[in-house]
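The values are calculated or read from the model by the stated rules, or taken from the named source; none is laboratory data. Because the structure is a prediction, the values reported are computed rather than measured. Positions of Cβ are backbone-derived with ideal geometry, glycine not excepted, and every protein chain shown enters the neighbour counts. For the accessible areas, the whole protein counts, side chains as well, though only heavy atoms, and no ligand, DNA or RNA atoms are used. Shrake-Rupley method; radii C 1.70, N 1.55, O 1.52, S 1.80 Å.
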Amino acid sequence: EPEVTQTPSHQVTQMGQEVILRCVPISNHLYFYWYRQILGQKVEFLVSFYNNEISEKSEIFDDQFSVERPDGSNFTLKIRSTKLEDSAMYFCASSDKRNQPQHFGDGTRLSIL
Amino acid sequence: ELKVEQNPLFLSMQEGKNYTIYCNYSTTSDRLYWYRQDPGKSLESLFVLLSNGAVKQEGRLMASLDTKARLSTLHITAAVHDLSATYFCAVDKIGTNAGKSTFGDGTTLTVKP
């Protein structure tokens, strides 16, 4: 069964550095999402992406964050000048149609030191 | 601002028993999701509910949606240990294209023999 894959599984970065989290959505999917989950807390929506542009973004998704679909397969989340509070699990998801279930990757654990 | 409230937050039940998890939301929405998350794992989509009166069932889980009451329920029938997990509901802001979900705090279910 097709899967959403995320790399790396764990990223450790010094505060103030930039990180890029990578996702390969399922190949025929058109809708892409990033979520984050601080340890032990609820899931938070960051951004949705469709037709090569951001569809919706949350209040968390400020100028520090950006997303790209640089080619036909990858979907990346860039965090500039990371802060301690950016430490979390980041999940990528995709779906083929708007009202269909989203398929999630295994996540990237981001640790900011 | 869309708010999503789940209850209970913690649920311990015996195998074979039935129980219901509730998800209330504060403003009109056109999409509601139920997810399952096992400890240390990613999210798994369970149900997408789109319209008033929608009911979906998968195995021992059944989800329903009452848009007038802004309430969804996840009913567990004859619980088994394998259902132990955290269950999240998430509600989309109405009128969005790709979606902008607000998650509940999650219900951690423990099924005991």
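Show me the strands (runs of 3 or more DSSP E) found entirely inside region B:47-103 where at least 2 residues are within 14 Å of another protein chain (Cβ to nearest Cβ), within 30 Å of A:Glu59 (Cα to Cα) and at pLDDT below 95.
Ranges flagged: none.
If you check A:Leu39 against the conditions, is it free of Cβ contacts under 8 Å to residues at least 60 places away in the same chain, surrounded by 16 or more Cβ atoms within 10 Å (Cβ to Cβ) and within 12 Å of chain B (Cβ to nearest Cβ)?
Against the criterion (free of Cβ contacts under 8 Å to residues at least 60 places away in the same chain, surrounded by 16 or more Cβ atoms within 10 Å (Cβ to Cβ) and within 12 Å of chain B (Cβ to nearest Cβ)), A:Leu39 does not qualify.
Identify the residue in region B:31-46 that is over 10 Å from the mean Cα position of the chain (by Cα), assigned to a strand (DSSP E or B) and touching a residue at least 40 places away in the same chain (Cβ under 8 Å) and, among all such residues, is farthest from the other protein chains (Cβ to nearest Cβ).
In this case the residue turns out to be B:Gln37.
Kindly indicate whether A:Pro70 is assigned to a loop (DSSP other than H, G, I, E, B) and touching a Phe, Trp or Tyr at 6+ places or on another chain (Cβ under 9 Å). Before you say what the answer is, go through the steps one by one.
Details: assigned to a loop (DSSP other than H, G, I, E, B): yes; touching a Phe, Trp or Tyr at 6+ places or on another chain (Cβ under 9 Å): no.
Criteria not met by A:Pro70.
Picking from A:Ile20, A:Ile54, which residue would you name as being under 16 Å from B:Gly99 (Cβ atoms) and of a type in the set (A, V, I, L, M)?
A:Ile54 is the lone residue from the list that is under 16 Å from B:Gly99 (Cβ atoms) and of a type in the set (A, V, I, L, M).
Filtering region A:1-36 down to residues that are among the hydroxyl-bearing types (Ser, Thr, Tyr) and under 15 Å from the mean Cα position of the chain (by Cα), which residue is surrounded by the fewest Cβ atoms within 10 Å (Cβ to Cβ)?
A:Ser9
Taking into account only those residues within region A:88-99 that are open to solvent by 40 Å² or more (accessible area, probe 1.4 Å) and more than 7 Å from chain B (Cβ to nearest Cβ), which is nearest to A:Val19 (Cα to Cα)? Explain how you work it out, then say what you get.
Of all residues in region A:88-99, those open to solvent by 40 Å² or more (accessible area, probe 1.4 Å) come to A:89, A:96-97, A:99.
Retained after the next criterion (residues that are more than 7 Å from chain B (Cβ to nearest Cβ)): A:89, A:96-97.
Working: A:Met89: 13, A:Asp96: 28, A:Lys97: 29 Å.
Among those that are open to solvent by 40 Å² or more (accessible area, probe 1.4 Å) and more than 7 Å from chain B (Cβ to nearest Cβ), it is A:Met89.
For every residue, the table says whether it meets (1) over 17 Å from A:Ser95 (Cβ atoms); (2) within 13 Å of the chain's Cα centre (by Cα).
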| site | (1), (2) |
| --- | --- |
| B:Leu49 | no, yes |
| B:Ala63 | yes, yes |
| B:Thr67 | yes, no |
| B:Thr77 | yes, no |
| B:Thr86 | yes, yes |
| B:Thr102 | yes, yes |
| B:Gly106 | yes, yes |
